[in-house]
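**Student:** Once you've had a glance at the structure underneath, I'll fire off some questions.
Derivation of every value follows stated rules applied to the coordinates shown; laboratory data play no part. None of the values given here were measured: they were computed from a predicted structure. Glycine also receives a Cβ, built like all others from the backbone with ideal geometry; neighbour counts cover every protein chain displayed.
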């Protein structure tokens, strides 16, 4: 199957939102944040934005609240920077995959150390 328009829009939104969040939002509640992926619906009307936050749970909670507050600004900026007919409704989702990878790695290392004893 070919490269769908939704895939191109996902990549565009990920790049633009990553730039907007890391370089242009000046909210002190936003910690070190990375947009890890974007999943847009087939009708291009709504998008789930997966965000990884470096820091503890409190920092992640504050960052997600700040992103919710910044949603109107982010949608406006996306509209002015892209040629999309409709700017999708954004839903921010915490991405815990990096934390899970570190945890799995630690558990594997501990299991290997137990076997070596």
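**Student:** Between the alpha-carbon centers of region 50-67 and region 17-44, tell me the distance in whole angstrom.
**Tutor:** Using only Cα atoms, the two centres lie 11 Å from each other.
**Student:** Further question: What base-10 log of the normalised intensity I(q)/I(0) is obtained for region 5-116 from the Debye formula, alpha carbons as equal point scatterers, at q = 0.11, 0.19, 0.21 Å⁻¹?
**Tutor:** Reported log10 I(q)/I(0), two decimals: -0.41, -0.94, -1.09.
**Student:** Roughly what angle does helix 57-69 make with the longest principal axis of the chain, taking Cα atoms, 0 to 90 degrees, to the nearest 10?
**Tutor:** 10 degrees
**Student:** Moving on. In deg cm²/dmol, rounded to 500, what helix-only [θ] at 222 nm does the chain give when every DSSP H run of at least 4 residues adds -39500 (n - 2.57) and the total is split over its residues?
**Tutor:** -16500 deg cm²/dmol
**Student:** Hey, with R₀ at 35 Å, roughly what FRET efficiency would residue 107 and residue 22 work out to, going by the Cβ-Cβ distance, to 0.05?
**Tutor:** 0.65
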